[in-house]
Structure formats: structure tokens, C-alpha cells
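Everything below concerns the one structure shown next.
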Amino acid sequence: MKRITRITAVLFLAFSVAAVADSFTDMVDKGNAAFKEGDYKTALDYYHQAEVERPETPGLYYNVGSALYGEQKYEEAVDKLQKSFSTDDVMKEAAGQYNLGNVYYRMGDYEKAILAYQQSLKLNPDDMDAKYNLELARKMLKEQIKPEQQQQQQQQQQQQDQQENQEQEQEQQEQPQPQDDQQQDQQQQQQQPQPTDEDEMSQEDAERILNALQDDEKDLQKQQQRFKTRGTYRGKDW
């Protein structure tokens, strides 16, 4: 089912009681405008100017973290988004957790991405995009684990083959017997590793994974929409 996430800015009332507040809101608004245009570097410049006037603002941490995500500065984005959680508004925290999940997903840390999406869904159970991304992260984690398991199995098989070869060589040294050319060929063939069911299964798994990835490519545009950041903060405390 094709569905595109709505990317909307969260609107807040601007401050008007003091010049400092007006300047702060102006910087945040300019940053948001640049953010919407995809100019994350300019957005960060404005957000950092706003931080000078109002440091440790949860909503501003959220904006900075989202812009850093756009700049692919993922480790910095994690720090800022985590700081944005100090808010009493569960929906805003849910949005922060969702974006944090996206950051971890792009970093390839699917375990942490899963935890972030799960936390987002605890706060906002009706978020279908978080549900979709959660299942996608779980799928990617499984695909990530399989090659590691196969590599371990191959290493164990190689160690076993080496041990068997060493034992055979030791037996030959202890009981040397003359051998003709045919016997030597047979012995060499026996020492060569034989294909196992695990190798065949590895090929089958690889084909299945490639087919799954091809299917995913057809849905790539829809997935890209789901991994966009959500909303922006406009000057009112969370």
C-alpha cells in the first residue's frame, strides 16, 4: 500500500514580550525556512545563533538534531535528539524518538533503531510510519546477523578441516607406507574440503536476499519518504 508521510512544520506562537525573545524566534524561523528548503547548513547556522540566546531549549535541540541528520552528521544528531526528550509533551518526544530511530537506521545500528521506534510507538501507538520503520529495521537486523553467523560457521569448518589434515599428516608420519601415484591422488582428493549443505544453503540465502533487495528497490521512494525528519520547533518551549 503506497503511502507518503506528511512532513509538516509544527507551528508555535511567537514571543512578543521582549526584544530578546523576538530575536530568538526570528532566528528559529529563519532556520526553519532554510530547513524546509533542504539547506541544512544554513539552518544550523541560524539555530546555533538562537542557542546563544536560549541554550538548553528542548525544541531547539530537536531542530538542531534534525538538521544534523540532514547533513549526515549522525553521531552529533544522536546527542541533540536525546537532549530534546526533556519535554512534557509526549507527542513531541515521540517525534524525537522517531527521528532518533531514523538516525540509528542510517548509521546501520539497527538494534538501537528498533529501540527508538518502539519508544516512539509507546508514546504514539497510532504512528503507522514508526510501525513500518520498526519492521524494516527488524528485517535489516536479521539480514545483518545472517552473514556473521555464516562467517562463524565457515571459520569453524576451516578450523575443523585444518585439524583433520594435521591429524592425517601426523598419522602418515608415524606409519609411513609406500604409495603409488593412484593412492597419492586419492589421498589428496580426500584431503580437499568437500562442499557442504551449509555452502549450498548460503547460496540459497544469498539469492533470497538479492530477490528481497530487488523488491525493496521498487518501494525505495516510499521508504525514503518515511525516513524524512518531522516538523520543526518555532520558539515556544516544549
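The values are calculated or read from the model by the stated rules, or taken from the named source; none is laboratory data. Note that the structure is a prediction, hence the values are computed from the model and not measured. Here the Cβ positions follow ideal geometry from the backbone for every residue, glycine too, while neighbour counts run over all protein chains shown. Note: areas computed on protein heavy atoms with side chains; ligands, DNA, RNA excluded. Shrake-Rupley method; radii C 1.70, N 1.55, O 1.52, S 1.80 Å.
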Check: What nm distance separates the two modelled labels at GLU171 and LYS228, each placed 7 Å from Cα along Cα→Cβ?
Finding: 6.8 nm
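Under the definition of Cα pairs under 8 Å and six or more residues apart, what whole-number percent is the relative contact order of the stretch 62-102?
On the way: 38 pairs, mean separation 14.9, N = 41.
Worked out over the stretch 62-102, it gives 36 percent.
Which shape class applies to the stretch 82-168: rounded if a/c is under 1.5, otherwise prolate when a/b exceeds b/c and oblate if not, where a ≥ b ≥ c are the square roots of the Cα gyration tensor eigenvalues? Walk me through the numbers on the way to the answer.
Numbers: a/c = 5.37, a/b = 3.64, b/c = 1.48.
Taking the square roots of the gyration eigenvalues as a ≥ b ≥ c, the stretch 82-168 is prolate.
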Notebook entry, point to check: Using the beta-carbon distance between GLN158 and GLU71 and R0 = 45 Å, what value does 1/(1 + (r/R0)^6) give for FRET efficiency, to the nearest 0.05?
Noted result: 0.55
Item checked: Rounded accessible area of VAL64 (nearest 10 Å², 1.4 Å probe) -> 0 Å²
Checklist line | Segment GLU111-THR87, extension gain: residue separation times 0.36 nm, minus the distance between their alpha carbons | finding: 6.2 nm
Next item on the list: Any chance you could look up the accessible area of TYR74 with a 1.4 Å probe, heavy atoms only, rounded to 10 Å²?
Entry: 50 Å²
